[in-house]
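Comments concern the structure below.
The values are calculated or read from the model by the stated rules, or taken from the named source; none is laboratory data. In this text the structure is predicted, and so the values were computed from the model without any measurement. No Cβ is skipped: glycine too gets one built from the backbone with ideal geometry, and neighbour counts run over all protein chains shown. Remember, those area values only see protein heavy atoms, side chains included, never the ligands or the DNA or RNA. Shrake-Rupley method; radii C 1.70, N 1.55, O 1.52, S 1.80 Å.
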Amino acid sequence: QVQLVESGGGLVQPGGSLKLSCVASGRIFSSNVMTWYRQTPGKQRDMVATIQFDGAANYADSVKGRFTISRDNDKNAVYLQMNSLKPEDTAVYYCHGEIWLVGGSSWQEYWGQGTQVTVSA
């Protein structure tokens, strides 16, 4: 089994910064695409940033220029550096990963439990 655990969320003032971390644990052979999503009550879960194994990244238009996604393949970890935060960035942020298990035969998808980010004065 695999667990994805997010950390780094909290309360920050507009214009501030936070760095989120997501670490996958278990009998993991490799991780493939890793993605950060966010969701507010009553709305769908939206992609924020996604990163390929080789580091190629894509971002939602709303966060381009402010957020940076990165990864550490040895740690099966993905990070999200969030700068110039705005109140509309307030959401629960979820980590999603494609994981190849030791002894597995296909990619499996896993979600973290989420971490709350609140941007408010």
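Some observations on this one:
- Sole residue being more than 17 Å from Val2 (Cβ to Cβ), surrounded by 16 or more Cβ atoms within 10 Å (Cβ to Cβ) and without any contact (Cβ under 8 Å) to a residue 24 or more places away in the chain, chosen from Thr90, Thr50: Thr50
- Single match in Ala77, Ala56 (criterion: open to solvent by less than 70 Å² (accessible area, probe 1.4 Å) and in contact with a Cys (Cβ under 8 Å, 6 or more places away or on another chain)): Ala77
- Given (1) assigned to a helix (DSSP H, G or I); (2) out of contact with any helix residue (DSSP H, G or I) (no Cβ under 9 Å at 6 or more places or on another chain), index of the condition Glu98 fails: (1)
- Candidates are the residues of segment 52-90 that are among the hydroxyl-bearing types (Ser, Thr, Tyr) and under 18 Å from Thr115 (Cα atoms); the one that is nearest to the chain's Cα centre (by Cα) is Tyr79.
- Top-ranked residue in segment 21-56 [being among the hydroxyl-bearing types (Ser, Thr, Tyr) and out of contact with any Phe, Trp or Tyr (no Cβ under 6 Å at 6 or more places or on another chain); ranked as nearest to Gly10 (Cα to Cα)]: Thr40
- Remark: pairs (first residue in segment 11-34, under 12 Å from Arg71 (Cα atoms); second residue hydrophobic (A, V, I, L, M, F, W, C) and outside any strand (DSSP E or B); Cβ separation under 9 Å; 6+ apart in sequence or on different chains) = Ser31/Phe53; Asn32/Phe53; Asn32/Trp107; Val33/Phe53; Val33/Trp107; Met34/Phe53.
- Single residue of segment 57-93 satisfying the filter (hydroxyl-bearing (Ser, Thr, Tyr) and assigned to a strand (DSSP E or B)) that is nearest to Gly15 (Cα to Cα): Thr68
- When segment 19-31 is filtered for residues that are open to solvent by 40 Å² or more (accessible area, probe 1.4 Å), outside any loop (DSSP other than H, G, I, E, B) and either farther than 27 Å from Val119 by Cβ or among the aromatic types (Phe, Trp, Tyr) (or both), the ones remaining, listed by number, are Ser25, Gly26, Phe29.
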